[in-house]
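Enquirer: Sharing a structure below in structure tokens format, with a few things to ask.
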Amino acid sequence: MNIEELSKSQLILLTILVNFVMSVATGIVTVSLLDHAPAYVTQTVNRVVERTIETVAQAAPAAIIQAPAPSNQDLVTAAIGAGAARAVTIYAAETGTSTPAIAVGTYLPKARAIATASQDALPKEVLIRFTDGSHIAASLAHKGDGISIYGFADKAVLPKAASPALISPSDLKLGQTVLALSADGSAATGIVARVDKEGIRTTLPDIGAGSAAVDLAGNLVGIGAGETPGLLLSANTVMNLLTATSSVVAPVSAR
């Protein structure tokens with residue numbers, strides 16, 4: 001084949017091949033010459049290589065720009081912001097937003113669900129108000145162990161938000177920081193005081209039933225029970241309801 005008939009891509013590949021072969025040949029010739037060269041020549045080459053490596057090694061750390069680690073205040077504000085972005089208010093579907101909200105909850109984007117604390121006044125059909133001002137109808141999907149889960153129609157277009165991980169009570173440590181946004185919008189901080197069969201006890205004030213508590217990473221620790229200040233219903237309960245295969249309302253048992 002005439003070289004003039006080659007395409008641009010073929011010429012580029014040919015050039016790369018020639019360069020590769022020349023590099024290999026140069027390396028072989030260099031090694032062969034060093035094997036037969038006098039000792040002082042080999043020593044000189046080795047010294048040049050060593051000096052080059054030392055210079056590059058010393059300059060490398062200076063070239064790496066390390067970003068400053070986030071402060072505790074940055075973590076707190078980011079976590080509360082993440083929790084606030086998922087906070088929702090719940091209205092009865094019959095009356096809509098013309099009447100006061102009947103509950104608050106937390107939005108779980110990955111599950112396309114709303115988790116809140118079970119209350120007698122919660123109806124099966126509700127209207128969820130998101131932080132962007134949109135209102136979307138939802139239906140009661142699961143209920144049990146003090147938690148109610150509302151789901152949306154498959155065709156419902158939901159707001160985008162970061163999905164939190166659900167923290168198991170067994171992964172919590174005494175003294176671990178927990179953060180929450182109460183129903184009136186007030187931010188609160190506390191620590192994990194105890195984990196028992198009733199739930200997760202914290203030093204948080206009364207954040208209201210259904211309000212979410214998160215860790216410093218913004219992941220869900222629990223849902224405010226509303227009965228005792230600082231008592232949270234664990235995220236494990238939420239997970240169990242989300243993975244339930246039946247939508248039948250379950251009896252309330254130990255938390």
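Quick note: the coordinates plus some simple rules give every number you see, no bench work behind them. Keep in mind the model is a prediction, meaning the values are calculated, not measured. Cβ coordinates were reconstructed from backbone atoms using ideal geometry, including for glycine residues, and neighbour counts include every protein chain displayed.
Enquirer: So, with +1 on the Cβ of K and R and -1 on the Cβ of D and E, and no other charges, what is the size of the charge dipole of segment 72-242 about its Cα centre, to the nearest 20 debye? Provide the component values of the computation, followed by the final result.
Expert: On the way: 12 positive and 14 negative charges, 73 e Å.
The dipole magnitude comes to about 340 debye.
Enquirer: By how many nm would the segment from residue 197 to residue 21 lengthen if fully extended, with 0.36 nm per residue of separation less the alpha-carbon distance?
Expert: 56.2 nm
Enquirer: Net charge within 10 Å of residue 93 by Cβ-Cβ distance, Lys/Arg positive one each and Asp/Glu negative one each, not counting residue 93 itself? Each step should come with its number before you reach the end.
Expert: Working: positive: 124; negative: 94, 125.
Charge balance near residue 93 sits at -1.
Enquirer: I need the peptides 237-243, 218-224 ranked by packing, meaning the mean over residues of other C-beta atoms within 10 angstrom, with the highest value on top. Intermediate values should be presented prior to the final figure.
Expert: On the way: 237-243: 18.6, 218-224: 26.0.
Peptide ranking by packing, descending: 218-224, 237-243.
Enquirer: Related question: Scan around residue 145 for amide H atoms under 5 Å from its own, H built in the peptide plane at 1.01 Å from N, and keep only partners 5 or more places away or cross-chain.
Expert: Amide H neighbours of residue 145, under 5 Å, 5+ apart: 252, 253.
Enquirer: What's the local net charge at residue 141, with K and R +1, D and E -1, over the other residues with C-beta under 11 Å away? Intermediate values should be presented prior to the final figure.
Expert: On the way: positive: 112, 124, 143; negative: none.
Result for the neighbourhood of residue 141: +3.
Enquirer: Further question on the same structure: Between their Cα atoms, which of 110/173; 143/197; 110/197; 124/160; 110/160 are more than 21 Å away from each other?
Expert: Numbers: 110/173 26 Å; 143/197 18 Å; 110/197 28 Å; 124/160 24 Å; 110/160 10 Å.
Correct reply: 110/173; 110/197; 124/160.
Enquirer: From the phi of every residue in segment 131-136, what ³J(HN,Hα) in whole Hz does the Karplus formula 6.51 cos²θ - 1.76 cosθ + 1.60 yield, where θ is phi - 60° and glycine or proline is x?
Expert: Working through the residues one at a time gives 5, 7, x, 6, 10, 9 Hz.
Enquirer: If I model a spin label as a point 7 Å beyond the Cα along the Cα-Cβ vector, how far apart are those points for residue 13 and residue 77 in nm?
Expert: With each label point 7 Å from Cα toward Cβ, the separation is 5.6 nm.
Enquirer: What is the distance, in nm, between label points placed 7 Å from the Cα along the Cα-to-Cβ direction at residue 156 and at residue 189?
Expert: The modelled label-to-label distance comes out at 3.5 nm.
Enquirer: Over the Cα atoms of segment 74-212, compute the convex hull volume and normalise it per residue, giving Å³. Could the numbers behind the result be given before it?
Expert: On the way: hull volume 16.5 nm³, N = 139.
Spread over its residues, the Cα hull of segment 74-212 gives 119 Å³ apiece.
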